[in-house]
Amino acid sequence: MPQIKGLSIAAFDLRIAGLYKESVAAIMEILAKLDEKPLRDMGDSTLSTDIAATNVRLQQLSDVCIFNTQENQMKKSITLNKLYADLAHVLYFVKPALFADVSLRMVQLTLSKGITPTAPIGFAYYGQTLASMGNISKGCRLG
């Protein structure tokens with residue numbers, strides 16, 4: 001994990017310096033080391049299928065249930081959600097077509113593993129994704 005922490009700091013520093021492509025590359029390298037699947041863009045049918053499945057799951061959960069999700073204590077899940085949040089910040093400038101998958105993964109991690117400090121921004125990002133796809137009411141609920 002020390003190598004991952006060093007890469008994470010480097011990715012953050014690159015982002016602060018305005019070197020967005022380099023920051024994205026560093027985060028992608030970390031995600032690969034953590035055995036995460038490659039990101040999919042909006043044209044990928046498997047992404048659309050996963051978004052639809054997550055929407056069904058979210059519809060089955062009340063707002064109170066979402067608000068009361070258990071806190072996640074697993075370092076890997078917390079790290080992944082933080083990395084995805086950092087990645088989402090720079091994807092607007094580098095490759096916005098990947099933003100939907102990043103926001104989806106943040107929500108999926110939260111639903112499966114629990115709340116992390118970056119989970120609320122994941123729900124907001126996912127709400128933004130849904131709204132941009134024309135699902136305004138679903139997007140507003142999460143955003």
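The values are calculated or read from the model by the stated rules, or taken from the named source; none is laboratory data. Everything numeric here is computed off the predicted structure, so don't read it as measured data. Here the Cβ positions follow ideal geometry from the backbone for every residue, glycine too, while neighbour counts run over all protein chains shown. The accessibility values were calculated without ligands, DNA or RNA, using every heavy atom of the protein model including side chains. Shrake-Rupley method; radii C 1.70, N 1.55, O 1.52, S 1.80 Å.
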Under a crude label model (7 Å from the Cα following the beta-carbon direction), how far is ARG57 from PHE12 in nanometres? 2.8 nm
Counting pairs of alpha carbon atoms under 8 Å apart in space and at least six apart in sequence, what relative contact order in percent does the chain give? 21 percent
Taking the structure as given and computing Cα extents along the principal axes in Å, which label from [x] 37, 35, 28; [y] 39, 33, 24; [z] 59, 33, 29 fits? [y]
For the range 1-79, with all protein chains present and a 1.4 Å probe, just round the carbon and sulfur fraction of the accessible area to a whole percent. 58 percent
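Assign unit charges at the C-beta atoms only (+1 for Lys and Arg, -1 for Asp and Glu), then state the dipole size of the range 61-143 relative to its Cα centre in Debye, rounded to the nearest 20.
About 160 debye.
So, for the chain, what is the accessible surface per residue at a probe of 1.4 Å, expressed in square angstrom?
On a per-residue basis, the chain sits at 54 Å².
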If I model a spin label as a point 7 Å beyond the Cα along the Cα-Cβ vector, how far apart are those points for LEU34 and ALA97 in nm? 2.5 nm
Nearest 10 degrees is fine. How inclined is helix 75-94 to the longest principal axis of the chain, computing both from alpha carbons? 80 degrees
Prolate/oblate/rounded call for the range 76-142, Cα gyration tensor, a/c under 1.5 rounded: oblate
Label points 7 Å out from Cα along the Cβ direction at CYS140 and SER112: separation in nm? 3.1 nm
Gyration tensor (alpha-carbon) shape descriptor, the range 42-103, a/c threshold 1.5: oblate
Roughly how many debye, to the nearest 20, is the charge dipole of the chain about its Cα centre, given +1 on each Lys and Arg Cβ, -1 on each Asp and Glu Cβ, and no other charges? 160 debye
